[in-house]
1. Among the residues of the stretch 166-193, what is the count of those that are assigned to a helix (DSSP H, G or I) and farther than 21 Å from THR91 by Cα?
2. Taking the condition of being in a helix (DSSP H, G or I) and of a type in the set (Ser, Thr, Tyr), how many residues in the stretch 87-144 meet it?
3. Picking from ASP110, ASP97, which residue would you name as being of a type in the set (Asp, Glu) and closer than 30 Å to THR225 by Cα?
4. Name the one entry in ALA19, ALA4 that is at pLDDT 95 or above and either assigned to a strand (DSSP E or B) or out of contact with any His (no Cβ under 8 Å at 6 or more places or on another chain) (or both).
5. List pairs: first in the stretch 207-221 and closer than 17 Å to ALA196 by Cβ, second at pLDDT 80 or above and among the hydrophobic types (A, V, I, L, M, F, W, C), Cβ under 8 Å, 6+ apart or cross-chain?
6. Which of the numbered conditions does GLY100 fail, given that it passes all the others? Conditions: (1) modelled with pLDDT under 95; (2) under 22 Å from ILE11 (Cα atoms); (3) under 16 Å from the mean Cα position of the chain (by Cα).
7. Criterion first (in contact with a Ser or Thr (Cβ under 9 Å, 6 or more places away or on another chain), within 25 Å of SER56 (Cα to Cα) and loosely packed, with under 14 Cβ neighbours inside 10 Å) does LYS137 satisfy it?
8. Take the stretch 22-44 and flag every residue that is farther than 25 Å from ASN123 by Cβ and in a strand (DSSP E or B).
Amino acid sequence: MKVAFLSGTSIVNSTLYAAWEVRTIETRYGPVTCKQRGDFVLINRHGYGFPVPPHSINYRANIRALADLGYQDVLSVNSVGSLKPELPPGTIVSCSDYVGLQQGPATFFDTELKGGAPGIANNLIPLLVEKLAPEFKIHPGKVYVQMRGPRFETKAEIRIVKEWGDVIGMTAAHEADLCGEIGLRYNSLAIIDNYANGLMATEIDFTKFKELVEANQEKVNRLFTRLLEILA
């Protein structure tokens, strides 16, 4: 199966892709570095070398590169914070809808009076839910709330947006928008690395966040191993 992966922090720390071919794809929006093996391609959304923060990612170049390479199915793996007490760190969810109100979206329609229909295809998710069980339980049908970054949300902001969705992050809504505009099928998997700031009496900063991501690294490596086996 020909599948493109979009991922981030956990991929930087993983050795699973060390032997994959490194390529640079030139797009009209800028160059994109990716790793490729057989029918799979992997883009680290934050880039390689010095990773850029979420608000500076060249989303248009990333998605355009996947389209130029001939991919239609995109599996996105995102690190997120939980907005619900019943979704603790370590939980894996799939989001079927999203909220992205804080920042105007990156778009391919800069010079056209039009916009893409929003949505997340999730055409691969039923297969993954079935095949990953019982080792991994996927909680589907969740709502992703996107914030701008690069800072984490204030406790006051979390008190407001926790009614909007189930998990919170800084990247997926832009990717889903662009995939919809260009005709790619976006699939959502998200790994909860932390409770959102103030939820369950927790506080979050980048030092704590990195520690929480590292704590989930072994689980993420195993998840990607199974994904590659299932989608092969």
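The values are calculated or read from the model by the stated rules, or taken from the named source; none is laboratory data. Every value quoted in this text rests on a predicted model; they were computed, and no experiment measured them. Here Cβ is always computed from backbone atoms with ideal geometry, including for glycine, and neighbour counts include all displayed protein chains.
1. 9
2. To start, the set of residues in the stretch 87-144 that are in a helix (DSSP H, G or I) comprises 125-132.
Filter once more, keeping what is of a type in the set (Ser, Thr, Tyr): none.
Residues that pass the stated criteria total 0.
3. Values: ASP110 fails: closer than 30 Å to THR225 by Cα.
Just a single option satisfies the conditions, and that option is ASP97.
4. Details: ALA19 fails: at pLDDT 95 or above.
Unique residue meeting the criteria: ALA4.
5. PHE209/PHE152; ASN216/ILE191
6. (2)
7. Numbers: in contact with a Ser or Thr (Cβ under 9 Å, 6 or more places away or on another chain): yes; within 25 Å of SER56 (Cα to Cα): no; loosely packed, with under 14 Cβ neighbours inside 10 Å: yes.
Criteria not met by LYS137.
8. To start, the set of residues in the stretch 22-44 that are farther than 25 Å from ASN123 by Cβ comprises 22-24, 26, 28-31, 33.
Listed by number, the residues that qualify are VAL22, ARG23, THR24, GLU26, GLY30, PRO31, THR33.
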